[in-house]
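Some notes on the structure that comes next.
The values are calculated or read from the model by the stated rules, or taken from the named source; none is laboratory data. Being a predicted model, the structure only gives us computed values, none of them experimental. Note that we place each Cβ from the backbone using ideal geometry, even for glycine, and neighbour counts take in every protein chain shown.
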Amino acid sequence: MSNLSLASHKRILTRYTNQLQKVLTRFKDAQLEEISVQNLQDEITPTVNQTSLQQLEEAVAALENITIKIQHALGELATMFEKSHPTPPNIEEEFALYSTTAEEAIGNTFEYLVLLHARIHGFKAHAELLNTSYKHSTTNSSKDESTVTAVVKNLELPTIPVPTFNGDIWD
């Protein structure tokens, strides 16, 4: 493989890594991780819920897409380094530099993605709760039925015999 091809793969990996860091910084500056059901409790409506969920899902899709591209580019660069003849000096150090930078960006993004996925899960659960409560309120108001309440049954546990001590421990 030629040095031009190797340089091209390095540039691509560097570009993807820089792009991931920019996008991650932009999402952190927009404080997407702060969008949660608890923070919007007073003003949460189905529209706000849907808008917030859409913002979070778009951020996750963008970050995951760039992360996949970095992983692919890193794999291609590793293949290029392995196939390069003659072997350039300090090839292992050079690859370590590129891979460390890419892996660090992916690691930071992974932590952020976990948080965003948790927020998405919270909004989806809240949306289901809103849908079920909305359905119950519309059916109850239109049919004029009595309110159904749940009856909690007392939990009955069996008695456990308590061992008694007779004073003789050798028997």
Subject >> Any hit, the stretch 46-58, residues being farther than 25 Å from D29 by Cβ and surrounded by fewer than 18 Cβ atoms within 10 Å (Cβ to Cβ) >> reply: yes
**OP:** Considering (1) part of a helix (DSSP H, G or I); (2) without any contact (Cβ under 8 Å) to a residue 60 or more places away in the chain; (3) not hydrophobic (A, V, I, L, M, F, W, C), say which one N108 fails and leave the rest.
**Re:** (2)
Original post:
Quick one: how many residues across the stretch 41-71 are modelled with pLDDT of 80 or more and among the charged types (D, E, K, R)?
Top reply: 4
**OP:** Mind telling me which of the residues R15, R11 ends up being among the charged types (D, E, K, R), surrounded by fewer than 16 Cβ atoms within 10 Å (Cβ to Cβ) and either at pLDDT 95 or above or outside any helix (DSSP H, G or I) (or both)?
**Re:** R15
